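Structure first, commentary second.
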Amino acid sequence: MENVKTNALAASYRADLLYYIERAKLGKCPPHWQAYCFGEIADAKGTDNYPADGDALLAELRRLVDTVPQITNRDENVAEIATYRGRMLFYFDRDYYTLAELVHLPGKDKYSACVYIDADGSSSDRTAYAKNIAVQVDEWRRQNDIPFDKSTIAARPADTDGGEFDTMDEALRYLYTCLNFPDSVLC
């Protein structure tokens, strides 16, 4: 049974590499997918989980991302949301595991907000990342003349729910609460 799982993972990694090679040919392999390929998949080398042709596939992907300009993580997210007729309002990413976004959802006049902080970073780094993102949100609000009363930020993460929000104010409350408690949004 274990051999079947191992073969399935190797096949899955191979399929992912083939997919991202095709995306990279089009300039559509953003950094977070590159990090997955050159991180998680490459780290499987030397195990049964690594595809037999993994070295050649990773070399081809490396060649493509080094020679063909690729979209950013933000560009990819904006394009994906636009396909659903939504609109990205705010987006910030530091890396594959640390990001924040605020989206106006299509046809519902609702908002979506999310924050993820890298669980592998040290505690001091998480706090610094969260503060940096909060500064970016503040700047975005100033540039777009969007008021927000920070005294409405929840005193603890359990006092706010994630997902969809009826107002931008509720979505911002969620973002700022998460950023005040970065350990509550680890990935």
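The values are calculated or read from the model by the stated rules, or taken from the named source; none is laboratory data. Model, not experiment: these values are computed from the prediction. Each accessible area value is taken on the protein alone, full model and side chains, heavy atoms only, with ligands, DNA and RNA left out. Shrake-Rupley method; radii C 1.70, N 1.55, O 1.52, S 1.80 Å.
Per residue of the chain, the DSSP helices (runs of n ≥ 4 H) give a summed -39500 (n - 2.57) that works out to -15500 deg cm²/dmol at 222 nm.
Kirkwood-based Rg over Rh for the chain (C-alpha set), two decimals?
The Rg/Rh ratio comes out at 1.04.
Across the range 23-38, coupling constants 3J(HN,Hα) worked out from phi with the 6.51/-1.76/1.60 Karplus curve, θ = phi - 60°, read 5, 5, 4, 8, x, 10, 10, x, x, 5, 6, 4, 4, 4, 5, 7 Hz, and Gly and Pro carry x. With protein chains left intact and a 1.4 Å probe, residues in the chain average 56 Å² of accessible area per residue.
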